[in-house]
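Asker: Here it is, the structure, as structure tokens.
The values are calculated or read from the model by the stated rules, or taken from the named source; none is laboratory data. Just so we're clear, the structure is a prediction, and the values are computed from it rather than from any experiment. Every residue, glycine as well, gets a Cβ built from its backbone with ideal geometry; the counts of neighbours run over all protein chains shown.
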Amino acid sequence: MTEKKKQAAEKTKSDHDAAAARVAAEAEAAEEALADANQTSEVAGGGASSPEDRIAALEAEALSMKDQLLRALAEAENTRRRAERDRGEAAKYGAVGLARDLLSVADNLRRALEALPEDARKDGADWAKDLITGVELIEKDFLDAFARHGIEKLEPVGQPFDHNFHQAMFEIEDPEKPAGTVVQLMQPGYRLHDRLLRAAMVGVSRGGPKPEKPAASEAIAKESPDEGG
């Protein structure tokens, strides 16, 4: 994972350096062109053109060079911003592929614990209890490592269904729950910061009352606290 981030950072730095070198070359060419124009005007000064004409020509040439230079500087600034954005995304989402591959490891640890009979935890041999405790600690360390890198486990039971992070597998008739409430979790989901790694597979209630929505006045009060408070 560190090597991928390093390669991405080196690539964006290389792109930025190349753009900066191109801008410097264009600026140098503009300065040389302006100098050549000045020399040409000085040589032509002995001809029929008046001083006013030569001044006007030099001013036009200077404006043209200034425009080229400003365009080159603007392009360099845009390149710098793109490079910064690319570096930020590489640092934030560079581990997406690895994280997705590790989700099955987390699933298997949970399945191993759920497959053990309950009496093995209470009345089993000492070695069995130690094994169960060891697997639980491994799962906890694994999820803690996920959390340190911005990976969040999604277990939305009791929450309203959100199609951005949940995948409805079936509906359950439940007149007591608000319609569209997640009532059963088949497989947890995961997200890396704000990017979904895997949607949570859930069962959703139906037949109950519609979910309550906050009143407009309450929403406004939450968004805009009293000025005199």
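Asker: When the residues of region 191-210 are narrowed to those that are within 30 Å of F146 (Cβ to Cβ) and in a loop (DSSP other than H, G, I, E, B), which ends up modelled with the highest pLDDT?
Answerer: Out of the qualifying residues, it is A199.
Asker: For A72, are the conditions met, namely being assigned by TED's automatic domain parsing to the domain that holds A24 and either over 25 Å from F146 (Cβ atoms) or surrounded by 13 or more Cβ atoms within 10 Å (Cβ to Cβ) (or both)?
Answerer: On the way: assigned by TED's automatic domain parsing to the domain that holds A24: yes; either over 25 Å from F146 (Cβ atoms) or surrounded by 13 or more Cβ atoms within 10 Å (Cβ to Cβ) (or both): yes.
Taking the combined requirement at face value, the residue satisfies it.
Asker: Okay, moving on. Would you mind stating whether K66 is surrounded by fewer than 13 Cβ atoms within 10 Å (Cβ to Cβ) and within 26 Å of V182 (Cα to Cα)?
Answerer: The answer is no for K66.
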